[in-house]
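Just below is one structure, and these are the notes that go with it.
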Amino acid sequence: MYAQMVKTGVDHIQSKEEMSPEERAFQDRVDQDIKIEPKEWMPEAYRKTLIRQISQHAHSEIIGMQPEGNWITRAPTLERKAILLAKVQDEAGHGLYLYCAAETLGVSRDELMEQLNSGKAKYSSIFNYPTITWADIGAIGWLVDGAAIMNQVPLQRCSYGPYSRAMIRICKEESFHQRQGYDAMTKLARGTPEQKAMAQDALNRWWWPSLMMFGPSDAESVHSAQSMRWKIKINSNDELRQKFVDQTVPQAEYLGLTVPDPDLKWNAERGHYDFGEVNWDEFYQVIAGNGPCNRDRLRTRVKAYEEGRWVRDAADAYAAKKAARAKAKAA
Amino acid sequence: MTDKKEWPLWEVFIRSQHGLAHRHVGSLHAPDAEMAIMNARDVYTRRNEGVSIWVVRASDIAASSPSEKGPLFDPANSKVYRHPTFYEIPEELGHM
Ligand SMILES: [Fe+2]
Ligand SMILES: [Fe+2]
């Protein structure tokens, strides 16, 4: 997902007997769906895992502005441009809500920025793919935001108060993202043969990377099991991927587009679509830094940060000047 | 790569359209109160969520401690008579 394969630092799931009294009381609260708030006692591994997960999610929102930002100046109409601008601005907001949530766990904003800009931090694999036509913008809203929603809706109920509240805000804004994407795809799919071909091409390129967003199967993963126990992960990766496929295939059919998977077939017995195997080698390559755009994304990010430095410095100087004046006046 | 000093954290409170009290919506970093309000407008009111913004330096907020939750709030537990449902009103009187 926006946070993929988050490690918890544990090697097995503790039984209640193995837990210290504090750990047991904590787990009891989680089990009873009582929210954990910043200043309360929490296991160190819970805190660290949450920082990793929330910051990965935040970094994804921030880097995620780049593929779409690529088309703001070239949107086909003024209306599409205004919509895309608003959508990308929302993603910046999502990043900010999430950084604030991460900070309540004792990590500073500067540390988080440093981790992102130095390339140390991870962000979702999906944002390392290029947006080469306008149809990619439609495909991203429809598929990428669609996949993100699958994951974010259950996280509204997660155990950590600030994360849960950030998710609630984010989910309120996401459905506009998905709808505007589907709307853009609909326009193309009902347009000229060239436009329809463009929509199909975008679906061909974004389908599999979208399925990769959920991460490899984690049925056997101790980290996922631990995260689920802590209720900072609600569903398994396979469960969410299946849900996404089931929801999206009819939407593609409605557009008259073909999902690029020869193994895709409705399974009446299961009540779900069967679908082909994701190319996990490609996924591991992308998260190892070898996707089509990894280097470019980081370079753009660092450049934006460096080029914004004078603005931050000016704001600092202005704040200092005003504070000095107020002090002189009071004296 | 990092700036020398981090901007202070501000807690943001928004009053929505319908005359309700300001409500905490989140936080952000800004060099001063004026910038904090401008940033809060962009981060927390992109969809007309508010008609008024308060920002307070997070470091200026005094908070009750979670470990004292018991002693602090327990005294209210036993005072059921503070709720209207404690009293039985004869049905023939209708609404009261
Ligand atoms: Fe987002
Ligand atoms: Fe989004």
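The values are calculated or read from the model by the stated rules, or taken from the named source; none is laboratory data. What you are looking at is a predicted structure, and each value in this text was computed from that prediction instead of being measured. Here the Cβ is made from the backbone with ideal geometry for all residues, glycine too, and neighbour counts use every protein chain on show. Heads up: the accessible areas ignore ligands, DNA and RNA and are worked out on the full protein's heavy atoms, side chains in. Shrake-Rupley method; radii C 1.70, N 1.55, O 1.52, S 1.80 Å.
The selection criterion, being within 13 Å of chain A (Cβ to nearest Cβ), under 30 Å from residue A:86 (Cα atoms), surrounded by 14 or more Cβ atoms within 10 Å (Cβ to Cβ) and free of Cβ contacts under 8 Å to residues at least 60 places away in the same chain, does not hold for residue B:56.
State whether the residues of the range A:182-200 include one that is outside any helix (DSSP H, G or I) and within 16 Å of ligand 1 (Cβ to nearest atom). There is no residue in the range A:182-200 that is outside any helix (DSSP H, G or I) and within 16 Å of ligand 1 (Cβ to nearest atom).
Pull up the range A:126-137, narrow it to residues that are part of a helix (DSSP H, G or I) and away from ligand 2 (no atom under 16 Å from the Cβ), then point me to the one that is nearest to residue A:215 (Cα to Cα). Within the range A:126-137, the match that is nearest to residue A:215 (Cα to Cα) is A:128.
Here's the yes/no breakdown for (1) more than 10 Å from chain A (Cβ to nearest Cβ); (2) open to solvent by 60 Å² or more (accessible area, probe 1.4 Å):
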{"position": "B:22", "(1), (2)": "yes, no"}
{"position": "B:29", "(1), (2)": "no, no"}
{"position": "B:34", "(1), (2)": "no, yes"}
{"position": "B:39", "(1), (2)": "no, no"}
{"position": "B:46", "(1), (2)": "no, no"}
{"position": "B:85", "(1), (2)": "yes, yes"}
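Residues in the range A:118-130 that are more than 16 Å from ligand 1 (Cβ to nearest atom) and either among the hydroxyl-bearing types (Ser, Thr, Tyr) or within 14 Å of chain B (Cβ to nearest Cβ) (or both): A:118, A:119, A:120, A:121, A:129.
How many residues does the range A:187-196 hold that are out of contact with any helix residue (DSSP H, G or I) (no Cβ under 6 Å at 6 or more places or on another chain) and open to solvent by less than 60 Å² (accessible area, probe 1.4 Å)? Talk me through it step by step, then tell me what you get.
Of the residues in the range A:187-196, the ones out of contact with any helix residue (DSSP H, G or I) (no Cβ under 6 Å at 6 or more places or on another chain) are A:187, A:190-194.
Filter again for open to solvent by less than 60 Å² (accessible area, probe 1.4 Å), leaving A:191.
Of the residues in the range A:187-196, 1 are out of contact with any helix residue (DSSP H, G or I) (no Cβ under 6 Å at 6 or more places or on another chain) and open to solvent by less than 60 Å² (accessible area, probe 1.4 Å).
In the set A:205, A:157, which member is of a type outside the set (Asp, Glu), more than 16 Å from ligand 1 (Cβ to nearest atom), open to solvent by 40 Å² or more (accessible area, probe 1.4 Å) and farther than 22 Å from residue A:63 by Cβ?
On the way: A:205 fails: farther than 22 Å from residue A:63 by Cβ.
On inspection, the qualifying residue turns out to be A:157.
At least 1 residues that are open to solvent by 60 Å² or more (accessible area, probe 1.4 Å) and within 14 Å of another protein chain (Cβ to nearest Cβ) in each: list the helices (runs of 4 or more DSSP H) lying fully within the range A:1-117 that qualify.
Details: elements: A:21-31, A:44-63, A:65-69, A:78-103, A:109-117.
Answer list for the range A:1-117: A:21-31, A:78-103, A:109-117.
Just to be sure before I move on: is residue A:233 away from ligand 1 (no atom under 16 Å from the Cβ), on the phi < 0 side of the Ramachandran plot and open to solvent by 70 Å² or more (accessible area, probe 1.4 Å) in the structure I sent?
Details: away from ligand 1 (no atom under 16 Å from the Cβ): yes; on the phi < 0 side of the Ramachandran plot: yes; open to solvent by 70 Å² or more (accessible area, probe 1.4 Å): no.
No: the conditions fail for residue A:233.
Just name the residue that is farthest from residue B:39 (Cα to Cα) out of those in the range A:92-109 that are within 12 Å of ligand 1 (Cβ to nearest atom) and in contact (Cβ under 8 Å) with a residue 60 or more places away in the chain. Step through it out loud before you land on a result.
Initially, the range A:92-109 is screened for residues within 12 Å of ligand 1 (Cβ to nearest atom), giving A:92-98.
If we keep only those that are in contact (Cβ under 8 Å) with a residue 60 or more places away in the chain too, we end up with A:93-94, A:97-98.
Details: A:93: 10, A:94: 14, A:97: 12, A:98: 16 Å.
Ranking the candidates gives A:98 first.
Annotation for the range A:287-305: at least one member residue is under 30 Å from residue A:14 (Cβ atoms) and either of a type in the set (S, T, N, Q) or surrounded by 14 or more Cβ atoms within 10 Å (Cβ to Cβ) (or both). Applying the set (1) at pLDDT below 95; (2) more than 9 Å from chain B (Cβ to nearest Cβ) to residue A:319 leaves exactly one unmet item: (2). Within the range A:138-157, can one find any residue that is in contact (Cβ under 8 Å) with a residue 40 or more places away in the chain, within 14 Å of another protein chain (Cβ to nearest Cβ), part of a helix (DSSP H, G or I) and in contact with an Asp or Glu (Cβ under 7 Å, 6 or more places away or on another chain)? No.
Residues being open to solvent by less than 20 Å² (accessible area, probe 1.4 Å) and either more than 10 Å from ligand 1 (Cβ to nearest atom) or away from chain B (no Cβ under 14 Å) (or both): count how many of those fall in the range A:163-179. Outline the logic, then answer.
Kept after step one, since they are open to solvent by less than 20 Å² (accessible area, probe 1.4 Å), are these residues of the range A:163-179: A:163-164, A:166-167, A:170, A:173-174, A:177.
From what's left, either more than 10 Å from ligand 1 (Cβ to nearest atom) or away from chain B (no Cβ under 14 Å) (or both): A:163-164, A:166-167.
Total meeting the criteria: 4.
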